[in-house]
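Notes follow once the structure below has been shown.
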Amino acid sequence: QVQLVESGGGLVQAGGSLRLSCAASGRTFNYYAMGWFRQAPGKERNFVAGIDWSGGNTNYAESVKGRFTISRDNADNTVYLQMASLKPADTAVYYCAARTLTIATSPVNYDHWGQGTQVTVSS
């Protein structure tokens, strides 16, 4: 079992940057692939970025490639999402999620979820 707590959200102007963090509890963090998803009001929860258990493989949604970077620190049980060149379209609640070993892009494939953190990008 793993519990996830996101932090780092907030209000930022377009073109700005934010770094989200997701702290995981439990001793088996190393076995989990981690994903970041986002959900805007009235819309589905969509994949943003994922990283496998080792940190050696990453995957990004087309809409964030070149702007967002996912990373993890297994010694600290934390996964990060560095977001740059933010746009109003990036406004959403951001969730981190965990699943065993490999990255998946569908939220139904993730077993553990955080409570979410709001990111608002003003124009």
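Over the chain, calculate the relative contact order: mean separation of alpha carbon pairs under 8 Å at least 6 apart, over the residue count, as a percent.
Details: 316 pairs, mean separation 44.7, N = 123.
Dividing the mean separation by the residue count of the chain yields 36 percent.
May I ask for the net charge around G16, where only other residues with Cβ less than 12 Å from the Cβ of G16 are counted and Lys, Arg are +1 while Asp, Glu are -1? Numbers along the way, then the final one.
Working: positive: R19, R67, K87; negative: D90.
With Lys, Arg at +1 and Asp, Glu at -1, the neighbours total +2.
Please report the carbon-and-sulfur percent of the accessible area for the chain; probe 1.4 Å, protein heavy atoms only, DNA, RNA and ligands left out. Can you show the working numbers first?
Values: 2900 of 6190 Å².
Exposed carbon and sulfur together represent 47 percent of the surface.
In square angstrom, what is the accessible area per residue of the range 39-84 with a 1.4 angstrom probe?
Values: 2430 Å² over 46 residues.
With the other protein chains kept in place, the range 39-84 gives 53 Å² per residue.
May I ask for the net charge around G56, where only other residues with Cβ less than 15 Å from the Cβ of G56 are counted and Lys, Arg are +1 while Asp, Glu are -1? Don't skip to the end; give the middle numbers.
Numbers: positive: R72; negative: D52, D73.
Net of charged neighbours comes to -1.
The values are calculated or read from the model by the stated rules, or taken from the named source; none is laboratory data. Just so it is clear, the model here is predicted, and its values are computed rather than measured. Here Cβ is always computed from backbone atoms with ideal geometry, including for glycine, and neighbour counts include all displayed protein chains. When the accessible area is computed, the model is the full protein with side chains, heavy atoms only, and any ligands, DNA or RNA have been set aside. Shrake-Rupley method; radii C 1.70, N 1.55, O 1.52, S 1.80 Å.
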